[in-house]
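Have a look at the structure below, then the notes.
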Amino acid sequence: MFDKLLVANRGEIALRVVRACRELGVRSVAVFSDADARAPHVREADEAVHIGPSPSAESYLRGERIIEAARERGAQAVHPGYGFLSEREWFARAVRDAGLAFVGPPPEAIASMGSKTAARTLAIGAGTPVVPGTTEALRDAGEAATVAARFGYPVLLKAAAGGGGKGMRVVRAEPELAAALAAAQREAKNAFGDDAVYVEKYIEGPRHVEIQVLGDHHGTMLHLGERECSVQRRHQKMIEEAPSVAVSPDLRARMGAAAVAAARAAGYANAGTCEFLLARDGSFFFLEMNTRIQVEHPVTELVTGVDLVQWQIRIAAGERLPFAQADISPRGWAIECRITSEDFANGFLPSTGRIGFLQLPSGPGVRWDGGIEEGTEVGLFYDPMLAKLIVHAGTRDQAIARMHRALLELTVDGVETSRDFHLRVMEDDEFRRGDISIQWLEQRLPSLTAVKPPPDGVRAAAIAATLFAERDRGARSTPPTAASPAGAHAAGPVAGPVGGWARAARLEGLRP
Ligand code: MV4
């Protein structure tokens, strides 16, 4: 095992890696920008190196500077986390060339999955199902019409260099095709500097289901089941769960085998994720592979009992996976809510400020993977995701109830957050039935956002309860005396209805 590992990231994932290191007896080196000088990941690591000013381009994206820091501090490995440098082939290569272990896949595997069309070709070769369509760039509208007619409308035009939905156009009938092709090519050129666009059959109302894979450097490649990631908005996931209501053990085995085949074909090792569209008829199609640890990895950890981040490090150190495919099967249900500094009542506008009062949920089956604390300044330099709240329970219904309870326990003062959005989703009938697809959230948002103002009486009671609760919080607990009997409205604690009122106030969101 390594003596020391550098964590090339910030926020909750940096802290997650630091925790894994500590459990493995590996010393950790954090890196930080000006804005993060007092961040939790810096304090919790064994050492920390300042790498530059706040903007990512001048700090967390400075690969050469980060590698230099690793060498200066005598680290033998670099964990990139997600985002930033995690999927840059050149960085993985530079880490390796510096004689350090990159905690992730080989640079060659990052490269072969980096281009969407190359990944598609690779998947086809591995026998992994992909959406019917082409891989060659379309020459003109005439060729597009011929190809579209072959697959049947609706079709989807996609940028070959693409990702994140840029350069994508749905075409429902031939008359729209020429204009859509021109628009997709223009958008692709602007976004990726490459106007190559190809055609796929458009899959209507699918789910986004992804398979976690894990492989060592000794020929073992396993899958750890699926994550349901359909609750997303503008390609930003908000809620993930494992398993998926739409995946039976048989489908899991087939999707898992398809993911393992694609990963093997790419020469993959370490943790990775194959993204699929799961159609309503149960057919599934490989989209792309994410060659990093993902934000939503905890739901897989909770249902499989496999510590993915620890195994990433152990695999990078040359260890063998000691378990086999037959040892892995999901137990219970896990849900993750991304707690972001976004104002859900105002179109998810980014919110900034200093975290004031912070109360974190705990109790049975609750996990908080966070990168914030009281006093944290939330600005606009980095991603708005502050933390992840993850729960595990026996069944999906129990997990939803547990998440709702945990969200009620959460208070983040100082910035607007996605907490209330998540509460509304946990209360939503369609979500509770598991009746979701990639379009669900954007269609459902208006009714989730519609705030039902409480009746005046409830409102007044809630405000009064808040005042009582505030008074009780600072009160000393003394036994009742003759001069101050129980229930008297002196300074002592007030028994009885206050608990219920406090709860009502909390439910109404009227918290101090
Ligand atoms: C699709 C699709 C429907 N049919 N391909 C969006 C991002 C890109 N990586 C793939 N995407 C899609 N490809 C076919 N043939 C629908 C999407 C899609 C989507 C996929 C996963 C998660 C969220 C999504 C949101 C909108 C569209």
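The values are calculated or read from the model by the stated rules, or taken from the named source; none is laboratory data. As the structure is a computational prediction, the values presented were derived from the model and not from experiment. When we count neighbours, we look across all protein chains shown, and the Cβ atoms used for this are built from the backbone with ideal geometry, even at glycine.
The table that follows gives values for the structure above.
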{"read-out": "All positions within segment 240-257 that are within 10 Å of GLY225 (Cβ to Cβ) and in a loop (DSSP other than H, G, I, E, B)", "value": "PRO243, SER244, VAL247"}
{"read-out": "Hits in segment 129-142 - residues which are of a type in the set (A, V, I, L, M) and in a loop (DSSP other than H, G, I, E, B)", "value": "VAL131, ALA137, LEU138"}
{"read-out": "Subset of segment 116-128 (residues that are assigned to a loop (DSSP other than H, G, I, E, B) and buried (at least 18 other Cβ atoms within 10 Å of the Cβ))", "value": "THR128"}
{"read-out": "From the options GLY219, GLY167, residue that is within 30 Å of ASP307 (Cβ to Cβ) and either exposed (fewer than 15 other Cβ atoms within 10 Å of the Cβ) or touching a strand residue (DSSP E or B) at 6+ places or on another chain (Cβ under 8 Å) (or both)", "value": "GLY219"}
{"read-out": "Filter result (within 16 Å of the ligand (Cβ to nearest atom), among the small types (Gly, Ala, Ser), under 34 Å from the mean Cα position of the chain (by Cα) and part of a helix (DSSP H, G or I)) within segment 143-182", "value": "ALA180"}
{"read-out": "Where a residue in segment 192-204 is farther than 21 Å from LEU278 by Cβ and its partner, wherever it lies, is β-branched (Val, Ile, Thr) and within 6 Å of the ligand (Cβ to nearest atom), with Cβ under 8 Å and at least six apart", "value": "none"}
{"read-out": "Evaluation of PRO132 against (1) within 12 Å of the ligand (Cβ to nearest atom); (2) buried (at least 16 other Cβ atoms within 10 Å of the Cβ) (one fails), failing number", "value": "(2)"}
{"read-out": "Qualifying residue in segment 188-195 (condition: away from the ligand (no atom under 14 Å from the Cβ), basic (Lys, Arg) and farther than 27 Å from GLU296 by Cβ)", "value": "yes"}
{"read-out": "Entirely in segment 7-106, the strands (runs of 3 or more DSSP E) that have 2 or more residues that are within 20 Å of GLY318 (Cβ to Cβ)", "value": "27-33, 77-79"}
{"read-out": "Which numbered condition VAL458 fails, given (1) over 35 Å from the mean Cα position of the chain (by Cα); (2) at pLDDT 85 or above", "value": "(2)"}
{"read-out": "Where VAL260 falls short, out of the listed (1) farther than 20 Å from ILE203 by Cβ; (2) outside any helix (DSSP H, G or I); (3) among the hydrophobic types (A, V, I, L, M, F, W, C)", "value": "(2)"}
{"read-out": "Pairs where the first residue, in segment 1-20, is of a type in the set (S, T, N, Q) and the second is assigned to a loop (DSSP other than H, G, I, E, B), C-beta under 8 Å, 6+ apart", "value": "ASN9/TYR60; ASN9/PRO80; ASN9/GLY81; ASN9/TYR82; ASN9/GLY83; ASN9/PHE84; ASN9/SER86"}
{"read-out": "Some residue of segment 317-328 being modelled with pLDDT of 95 or more, within 25 Å of GLY11 (Cα to Cα) and either out of contact with any Ser or Thr (no Cβ under 7 Å at 6 or more places or on another chain) or of a type in the set (Phe, Trp, Tyr) (or both)", "value": "yes"}
{"read-out": "Residues (of a type in the set (A, V, I, L, M) and free of Cβ contacts under 8 Å to residues at least 40 places away in the same chain) located in segment 217-250", "value": "VAL247"}
{"read-out": "Unique residue being crowded, with 17+ Cβ neighbours inside 10 Å and more than 12 Å from the ligand (Cβ to nearest atom) when the list is VAL213, VAL245", "value": "VAL213"}
{"read-out": "Subset of segment 183-210 that is over 25 Å from the mean Cα position of the chain (by Cα) and part of a strand (DSSP E or B) - its residue that is surrounded by the fewest Cβ atoms within 10 Å (Cβ to Cβ)", "value": "LYS201"}
{"read-out": "Residues of segment 313-346 classified as under 26 Å from ALA450 (Cα atoms) and under 20 Å from the mean Cα position of the chain (by Cα), total", "value": "10"}
{"read-out": "Pair list, Cβ under 8 Å, 6 or more apart: segment 305-325 residue of a type in the set (D, E, K, R), other residue crowded, with 16+ Cβ neighbours inside 10 Å and part of a loop (DSSP other than H, G, I, E, B)", "value": "GLU319/ASP216; ARG320/ASP216; ARG320/THR220"}
{"read-out": "In segment 293-320, the residues that are assigned to a loop (DSSP other than H, G, I, E, B), more than 15 Å from the ligand (Cβ to nearest atom) and surrounded by fewer than 24 Cβ atoms within 10 Å (Cβ to Cβ)", "value": "GLY305, VAL306, ASP307, ALA317, GLY318, GLU319, ARG320"}
